[in-house]
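One structure is given below, encoded as structure tokens.
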Amino acid sequence: MSLMEEIIAAVDEMPPFPQVVQRAMQALAEPEYEVSGLVDILKVDQAVTANILKLCNSAYFGLPRKVSSLKEAVVYLGANQLRQLLLSGAASKIYEKPNEGYAVFADELWRHALATAVMAQVLRRHLRLKIDENMVFTAALLHDVGKVVLSTFVVDKYLAIESMVESGEYSFQEAEKEVLGFDHAEIGGKIAESWDFPPAIIAAIAFHHEPSSSPKEFRLLAEIVALANNLAVMVGYGTGVDGLACRGHDLLLQKLKLGEKDLEKLVLLFQIEMEKTCDIAGVSEH
Ligand SMILES: [Fe+2]
Ligand SMILES: [Fe+2]
């Protein structure tokens with residue numbers, strides 16, 4: 001089996017992305033989403049329903065009485081918190097695949113993914129972009145999913161890449177290109193394709209390290225994910241094997257007209273939002 005075939009087989013072994021969550025995201029994308037329609041989608045999944053109720057009744061919200069109806073919980077949480085809960089619940093299962101020897105990496109990667117999603121969400125709001133928020137959060141949250149395949153199924157190759165990055169001369173994806181001939185972004189694109197994600201999300205994942213190569217209609221989303229990825233690393237949510245700073249960072253800042261002041265504000269907003277998102281997703285911040 002060629003390496004590419006091996007990777008494709010590994011992609012097929014990835015857990016599926018829950019249909020319920022995908023359908024809920026489609027429903028939430030409507031500007032005036034219908035609560036009853038959303039409840040109908042969510043109620044078929046007992047685990048999802050239980051999680052929503054659990055969050056609603058958690059100490060985080062400190063509600064004076066117990067919420068026992070899904071409908072009430074959906075209304076109370078609202079689109080933003082529901083999105084974060086549903087997507088982070090689904091993505092954490094994919095990123096935190098228990099794998100001997102990689103527990104630390106998996107945990108770091110998951111935190112990095114969540115931080116990138118929060119950063120992308122903050123960027124979208126700051127720049128007042130008209131891209132659907134679910135799309136931005138989903139693409140950013142899953143941008144490094146290709147690394148899961150590498151670290152889980154192609155461990156020897158992964159170690160070779162890691163040691164090249166540690167030499168200090170390569171960025172992670174440059175080392176991947178050397179060792180594999182392709183990188184985790186491409187693999188991630190294939191995974192998103194296998195999950196039947198919308199083309200914009202597939203492109204944003206596949207081009208998150210070179211957004212300028214993304215098809216034009218999806219380029220802005222790829223740029224947001226790329227920039228959010230860099231910024232997440234800069235504020236301390238890297239994975240320890242990021243290697244050299246991602247190329248093209250300054251160009252992206254210029255293109256999106258972001259100066260020092262904007263960055264300061266973004267970091268502040270990020271910290272506030274990240275704290276909330278970690279509470280909702282049930283992860284500790286560091
Ligand atoms: Fe990446
Ligand atoms: Fe990343």
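The values are calculated or read from the model by the stated rules, or taken from the named source; none is laboratory data. Only a predicted model underlies this, so the values are computations on that prediction, with no experimental measurement involved. Positions of Cβ are backbone-derived with ideal geometry, glycine not excepted, and every protein chain shown enters the neighbour counts.
Just a few scattered comments:
- Screening ASP279 against (1) within 16 Å of MET135 (Cβ to Cβ); (2) of a type outside the set (A, V, I, L, M); (3) within 17 Å of the chain's Cα centre (by Cα); (4) assigned to a helix (DSSP H, G or I) leaves a single unmet condition, (1).
- Condition met for LEU150 (at pLDDT below 85, within 22 Å of the chain's Cα centre (by Cα), within 19 Å of ILE8 (Cα to Cα) and within 13 Å of ligand 1 (Cβ to nearest atom)): yes
- Residue check for ASP144: within 13 Å of ligand 1 (Cβ to nearest atom) and within 13 Å of the chain's Cα centre (by Cα): yes
- Tabulated pairs, segment 215-242, first in contact (Cβ under 8 Å) with a residue 24 or more places away in the chain, second β-branched (Val, Ile, Thr) and crowded, with 23+ Cβ neighbours inside 10 Å, C-beta under 7 angstrom, 6+ apart or interchain: LEU221/VAL136; ILE224/VAL136; ALA228/THR116; ASN229/THR116; ALA232/THR116
- Flag if LEU251 is more than 12 Å from ligand 2 (Cβ to nearest atom), out of contact with any Pro (no Cβ under 7 Å at 6 or more places or on another chain) and over 12 Å from HIS126 (Cβ atoms): yes
- Filter result (part of a helix (DSSP H, G or I), away from ligand 1 (no atom under 16 Å from the Cβ) and surrounded by 17 or more Cβ atoms within 10 Å (Cβ to Cβ)) within segment 120-135: GLN121, VAL122, LEU123, ARG124, GLU133, ASN134, MET135
- Some residue of segment 225-243 being crowded, with 18+ Cβ neighbours inside 10 Å and touching a Cys at 6+ places or on another chain (Cβ under 6 Å): yes
- If you check LYS130, LYS177 for being under 29 Å from ALA79 (Cα atoms) and over 17 Å from the mean Cα position of the chain (by Cα), only one passes: LYS130.
- Identity of the residue in segment 185-211, without any contact (Cβ under 8 Å) to a residue 60 or more places away in the chain and closer than 19 Å to HIS249 by Cα, that ends up farthest from ligand 1 (Cβ to nearest atom): ALA203
- Listed by position, the helices (runs of 4 or more DSSP H) inside segment 151-245 whose residues that are at negative phi, among the polar types (S, T, N, Q) and within 16 Å of ligand 2 (Cβ to nearest atom) number at least 2 are 219-234.
- Top-ranked residue in segment 246-276 [being within 16 Å of ligand 1 (Cβ to nearest atom) and not in a helix (DSSP H, G or I); ranked as modelled with the lowest pLDDT]: CYS246
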